2 protein chains.
Amino acid sequence: MARVLYDLCGIDDDLRFSPFCWRVKFALAHKGLDTQTRPWRFTDKQALAFANHDKVPVLVDGDEVVTESYDILRYLDRTYPESPLLGEGLAADRARFFKYYAERTLAPAMLRTIIMDLLNAVHPDDRDYFRETREKRFGRTLEEFHSPSKGLAQLDAALEPLRGHLKESDFIDGEAPAAADYLVFGNFMWARCVSSADLVSNADPVYAWIERMLDSHDGLGRQAMRVTDINGAYR
Amino acid sequence: MARVLYDLCGIDDDLRFSPFCWRVKFALAHKGLDTQTRPWRFTDKQALAFANHDKVPVLVDGDEVVTESYDILRYLDRTYPESPLLGEGLAADRARFFKYYAERTLAPAMLRTIIMDLLNAVHPDDRDYFRETREKRFGRTLEEFHSPSKGLAQLDAALEPLRGHLKESDFIDGEAPAAADYLVFGNFMWARCVSSADLVSNADPVYAWIERMLDSHDGLGRQAMRVTDINGAYR
């Protein structure tokens, strides 16, 4: 049976920027599982009614429907145990920290830098929804929240442990990437797809890791459409 | 042969506050290894000449001399494989991140809050050394660096991923503490021994974890001398 991933898209059906969906796309590539992606937009709640869920990623794997990126990684390890993503025991417990590091430390710092680029990349029909939900979350307008200088300074500090870690190994998970790399790298794909902002200087060990991640799995990340590839879309 | 750990002390021989030494003391307790600790002061470089090293922790285990807290944890797993601390494979790679999270994210935030308390806890003979080395590192005087309000705000943000993680399990490493817990908790022991500052509100999941860590290994952390236990020492 076909394997299908519902994947957030923006102004172009092929502009796929969700950090949560990127985690899953890398995880599927890691397991060597061919998957068809289906573009989905924020306001298309109806299309996910079958999953009893209102956001992506949603993975349909034969008869199984799995939601939430972390639960999908767990599902993949359970169902396809070869090439562990999260692993078991201490490895799995420690992996979870990277989910929170990505979502609560890196994402807010990146968001202050790329929020207006993100709005620009979102499909026009989704922009009111995007603005309303995010302004409610931030407690201020997108324009007030937007502050690349503060965001970049915050990101620079937030990357310190990653920087130290990546001086000692090519990937967070050692000699090859696994779940901790995908959990964190989803954020960098998010920023890369919607923005041309340089988040990390090219002398940074994190930069070299980003390059390695872009090359991994036959260039899955590097081949992804960026908003700058769309004629007239980036401003 | 006796197992000996050289352990930093302050104004009292029993005031032991080094976060790096605490990692090792918890790791030794985790492995069930009886160890005698020997008080050591910053300026007593001569006492460590045998180890060809100038700071603690230094573990002497029979014929083996091991320095640096992380290397000691590795040594313990290699030599006493039961009850893994760092573990192997993905677990070990991920553990290393917690070392950097503790040292580069949590420690600077805590330090801004407790630096003057720390100076006060240091042995009088060590204070000039402590001030000189730290002022050189910070690029300003201890008094200028000291800023509890900034430090606490920074710590609050820095604890976000830990907070998320600890809502889902009792310890960083799951149902029982292991290396990731000890790597991070060393910092909290450091602050606890030298200061009465409340770093974490008691409604915080991190607070409940601190309490569990203090109770672990028969109250190893809770029984440790604090500067507030020494008559007239805390000001």
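The values are calculated or read from the model by the stated rules, or taken from the named source; none is laboratory data. Because the structure is predicted, anything quoted here is derived from the model rather than measured. Virtual Cβ from ideal backbone geometry, glycine too; neighbours counted across all protein chains shown. What goes into the accessible areas is simple: the full protein's heavy atoms, side chains included, and nothing from ligands, DNA or RNA. Shrake-Rupley method; radii C 1.70, N 1.55, O 1.52, S 1.80 Å.
Close contacts from region A:214-235, counting a first residue that is within 29 Å of A:A179 (Cβ to Cβ) and a second that is basic (K, R) and open to solvent by 30 Å² or more (accessible area, probe 1.4 Å), with Cβ to Cβ under 6 Å and a gap of 6+ residues or different chains, come to A:L214/A:R222.
In this structure, is A:F42 part of a loop (DSSP other than H, G, I, E, B), among the aromatic types (F, W, Y) and either outside the structural domain of A:M189 (by TED's automatic domain parsing) or without any contact (Cβ under 8 Å) to a residue 24 or more places away in the chain (or both)?
yes
Checking each residue in region A:45-77 for being part of a loop (DSSP other than H, G, I, E, B) and touching a Cys at 6+ places or on another chain (Cβ under 8 Å) picks out A:V56, A:P57.
Taking region A:213-231 as the range and being surrounded by 17 or more Cβ atoms within 10 Å (Cβ to Cβ) and basic (K, R) as the test, only A:R226 passes.
Note on region B:39-60: among residues that are within 16 Å of the chain's Cα centre (by Cα) and closer than 14 Å to B:V4 by Cβ, the one that is most open to solvent (accessible area, probe 1.4 Å) is B:P39.
For region A:13-36, residues that are more than 20 Å from A:M110 (Cα to Cα) and open to solvent by 50 Å² or more (accessible area, probe 1.4 Å) total 5. Counting only helices (runs of 4 or more DSSP H) that sit completely within region A:78-166, those holding 3 or more residues that are under 22 Å from A:F42 (Cα atoms) correspond to A:107-121, A:127-138, A:142-145. Evaluate region B:27-34: report whether one residue or more is modelled with pLDDT of 95 or more, assigned by TED's automatic domain parsing to the domain that holds B:D71, under 14 Å from the mean Cα position of the chain (by Cα) and not in a loop (DSSP other than H, G, I, E, B). Yes, region B:27-34 has at least one match. Among the residues making up region A:175-204, those that are open to solvent by 30 Å² or more (accessible area, probe 1.4 Å) and within 14 Å of chain B (Cβ to nearest Cβ) are A:E175, A:A176.
Can you work out which of the residues in region A:101-119 that are more than 14 Å from chain B (Cβ to nearest Cβ) and without any contact (Cβ under 8 Å) to a residue 40 or more places away in the chain is nearest to A:A180 (Cα to Cα)? Ranking the qualifying residues of region A:101-119, first place goes to A:I115. Filtering region A:66-100 to residues that are farther than 20 Å from A:W22 by Cβ and either more than 7 Å from chain B (Cβ to nearest Cβ) or surrounded by 23 or more Cβ atoms within 10 Å (Cβ to Cβ) (or both) leaves A:R78, A:T79, A:P81, A:E82, A:E88, A:L90, A:A91, A:A92, A:D93, A:R94.
Does A:L162 count as under 19 Å from A:E211 (Cβ atoms), at the interface with chain B (Cβ under 10 Å from one of its Cβ atoms) and either among the small types (G, A, S) or in contact (Cβ under 8 Å) with a residue 24 or more places away in the chain (or both)?
Working: under 19 Å from A:E211 (Cβ atoms): yes; at the interface with chain B (Cβ under 10 Å from one of its Cβ atoms): yes; either among the small types (G, A, S) or in contact (Cβ under 8 Å) with a residue 24 or more places away in the chain (or both): yes.
It is true that A:L162 is under 19 Å from A:E211 (Cβ atoms), at the interface with chain B (Cβ under 10 Å from one of its Cβ atoms) and either among the small types (G, A, S) or in contact (Cβ under 8 Å) with a residue 24 or more places away in the chain (or both).
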